[in-house]
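Everything on this sheet refers to the single structure shown next.
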Amino acid sequence: MINFKGSRFEQEIILTNVYWYLRYALSYRDLEEMATDRGLEVDHSSIQRWVVKFTPKLEESFRKKKRPVGSSWRMDETYVKVKGKWKYLYRSVDKEGNTIDYLLTAKRNLNAAKRFFKKSIKSNGTPEKINIDKSGSNKAAIEAINKENDTTIEIRQCKYLNNIIEQDHRFVKKIIRPMLGFKSFWSASITLAGIEVVRMIKKGQLLRQDNCTLNSYQQFLSLA
């Protein structure tokens with residue numbers, strides 16, 4: 001359970017604002033205006049603090065209840081602007097489109113790719129095969145992991161198979177567009193993780209017995 005003691009606002013108000021920010025293409029000032037329209041005096045900076053404070057705990061709760069993913073992965077990177085500079089968001093989905101994992105990195109190289117694959121495997125198990133683009137660093141990273149762990153992950157580099165992950169990037173891009181770039185790498189990592197959690201809930205990746213009776217918003221609240 002997440003501790004909301006000491007908060008000025010009720011738990012549901014806090015979580016609702018966090019959910020709206022992570023789910024819809026809204027800025028913090030948009031949310032401040034929406035709160036005012038509902039008779040609540042909430043400063044946009046307070047909502048920002050809620051997102052940064054509670055999102056890691058919500059992500060941790062989600063990971064404990066995440067549905068297993070398939071063994072055929074599609075991996076790709078996309079770009080995210082942080083402090084005016086482009087950073088790299090590594091992401092992967094299985095062949096059904098379920099999100100496997102994600103990692104924001106400062107660089108796009110062998111070490112970054114290895115970190116991503118190790119994180120993904122630790123959380124989701126070793127895949128049978130991974131489809132990547134023509135990136136030499138991604139291929140080298142999988143080869144290194146195979147050698148270090150005596151695994152036999154098959155490497156594919158088929159462009160059309162990665163259409164599903166490239167399409168999935170668009171959801172993240174749509175949500176972060178009103179944010180006009182992140183001010184710090186730390187807050188960017190947290191916010192992107194929250195966006196991914198909400199996206200996975202929308203995909204039905206939260207393992208619950210009552211999933212059929214709860215909508216996405218209610219499932220998000222249940223993480224607390």
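The values are calculated or read from the model by the stated rules, or taken from the named source; none is laboratory data. Note that the coordinates shown come from a computational prediction; the quantities given were computed from them, not determined experimentally. Backbone-built Cβ (ideal geometry, glycine too); neighbour counts: all protein chains shown.
Thr152 - would you say it is over 22 Å from Val198 (Cβ atoms), part of a loop (DSSP other than H, G, I, E, B), over 22 Å from the mean Cα position of the chain (by Cα) and β-branched (Val, Ile, Thr)? Judged against the criteria, Thr152 is a match.
Please pick out the residue among Asn138, Asn124, Asn131, Asn162 that is modelled with pLDDT under 95, at negative phi and surrounded by 16 or more Cβ atoms within 10 Å (Cβ to Cβ).
Asn162
Note on the range 110-120: residues that are in contact with a strand residue (DSSP E or B) (Cβ under 9 Å, 6 or more places away or on another chain) and buried (at least 17 other Cβ atoms within 10 Å of the Cβ) amount to 5. Applying the set (1) buried (at least 19 other Cβ atoms within 10 Å of the Cβ); (2) hydrophobic (A, V, I, L, M, F, W, C); (3) over 30 Å from Arg156 (Cα atoms); (4) touching a Ser or Thr at 6+ places or on another chain (Cβ under 9 Å) to Val52 leaves exactly one unmet item: (1). For the range 203-223, the set of residues classified as in contact (Cβ under 8 Å) with a residue 40 or more places away in the chain and either in a helix (DSSP H, G or I) or in contact with a Leu (Cβ under 6 Å, 6 or more places away or on another chain) (or both) consists of Ser216, Tyr217, Phe220, Leu221, Leu223, listed by residue number. Is it true that some residue in the range 183-200 is exposed (fewer than 14 other Cβ atoms within 10 Å of the Cβ), outside any helix (DSSP H, G or I) and either in contact (Cβ under 8 Å) with a residue 40 or more places away in the chain or more than 13 Å from the chain's Cα centre (by Cα) (or both)? Yes, some residue in the range 183-200 is exposed (fewer than 14 other Cβ atoms within 10 Å of the Cβ), outside any helix (DSSP H, G or I) and either in contact (Cβ under 8 Å) with a residue 40 or more places away in the chain or more than 13 Å from the chain's Cα centre (by Cα) (or both).
Keeping to the range 116-149, report how many residues are of a type in the set (Ser, Thr, Tyr) and part of a helix (DSSP H, G or I).
Residues meeting the conditions: 3.
When the residues of the range 22-76 are filtered to those that are among the β-branched types (Val, Ile, Thr) and touching a residue at least 12 places away in the same chain (Cβ under 8 Å), the one that is farthest from Asn162 (Cα to Cα) is Val42.
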